[in-house]
1. Which whole-Hz couplings ³J(HN,Hα) result when phi for each residue of the range 167-178 is put into the Karplus expression 6.51 cos²θ - 1.76 cosθ + 1.60, θ = phi - 60°, listed in order with x for Gly and Pro?
2. Under a 5 Å amide H to amide H cut-off, with H placed in plane at 1.01 Å, what residues pair with residue 210 once short-range neighbours are removed?
3. Return the lysines within reach of residue 91: Cα separation strictly under 25 angstrom, same-chain partners fewer than 8 residues apart disregarded; answer none if there are no such residues.
4. Volume per residue, Å³, of the convex hull around the alpha-carbon atoms of the range 110-222?
5. Tell me, what does the Kirkwood hydrodynamic radius of the range 142-277 come to in angstroms if you use every pair of distinct C-alpha atoms?
6. Whose amide H sits under 5 Å from the amide H of residue 46, counting only residues 5 or more places off or on another chain, with H placed in the peptide plane?
7. Give the whole-number value, in cubic angstrom per residue, of the convex hull volume spanned by the C-alpha atoms of the range 179-232.
8. For the range 42-82, run through the GluC sites (Glu not before Pro) and keep only the ones in DSSP coil with at most 16 other Cβ atoms within 10 Å of their Cβ.
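What follows is calculated from the coordinates using simple rules that are stated; it is not laboratory data. Since the structure is predicted, the reported quantities are computational estimates derived from the model, not experimental observations. Note that we place each Cβ from the backbone using ideal geometry, even for glycine, and neighbour counts take in every protein chain shown.
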Amino acid sequence: MAARAAVHCGLSGSAMAAPARRAAGWGRRLCTAAAPRPWRLFGAMCLLRLPRITQPLEKEEEEMAALMGQIELEKSHYSDHEIRKLEEEEKLRRRRESSFDDDDDEAPSKTLVMAQDLEEKWEQKLLRFEAAPRITDADKNNNRTSLNRRLDSNLMLLVKQKIGNQELWLLPQVEWQPGETLRSTAERAMATFLGDHIQAKILGNAPYGIYKYKFPRAIRTEDNVGAKVFFFKAFLQSSDLSQAEPKEDYLWVTKDELGDYLKSEYLKKVNRFLLDL
């Protein structure tokens, strides 16, 4: 019983047993044993292409925009062009009534461009204008490797990586190396898959989220339990990725499309720091 009690109590045994333990070096070994680090650390980059156009207005938003436009028009002052047009109309009216002798008329040989002429020219130019389509060829073909799709939404980069004996769609990630910060690990992950030509704005030095998972029992050990993935965010600033050569299969997907590729637990962690405004 005494032996079992001593083993169970560890360093908190009786005072009489303390000298014996110190002599045997028990306390020193228990206090100075290096704590194991069973988790492998990874840095992952959530690279976003921001929307290039605004989202279409809802019916209520269109009605409110029309109302605010009408209020602004009623309360606004005349522009220089409108004042000029009113002055020219007044001159023409008085000239028709033959009661206005314009001493400031331009020479007959000089061509005058009236405000009305300018408006007609602008209207003709407007009629020739054709807005770029909101739906691109990549949208029609559902080409998810193209950045030229879903122009009114955020797009996120996914790459296919081999984890164990599985190939999974993930955010670009690599394992942390001694001497690195977690942010620099995430930056290296982005460069590993897209090359050094990529231009992106990294947001902050702290991770936005973390995903922890355990390895399969077949390969799990006390010193190799699982992995912790730290997520960072960045905004893509390169509009042309022709120089970038992705090293793996990749996709640019919206937040709603993530569920087609990511596992449920991984997706929950990613959705926690994603805002699709």
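1. Each residue's phi maps through the Karplus curve to give 10, 10, 7, 9, 5, x, 9, 9, 7, 5, 10, x Hz.
2. So residue 210 has HN proximity to 231.
3. Of all the lysines, those that pass the test against residue 91 - Cα under 25 Å, at least 8 places apart if same chain - are 110, 121.
4. It is 235 Å³ per residue.
5. 16.1 Å
6. 232, 233, 234
7. Expressed per residue, the convex hull around the Cα atoms of the range 179-232 is 109 Å³.
8. 58
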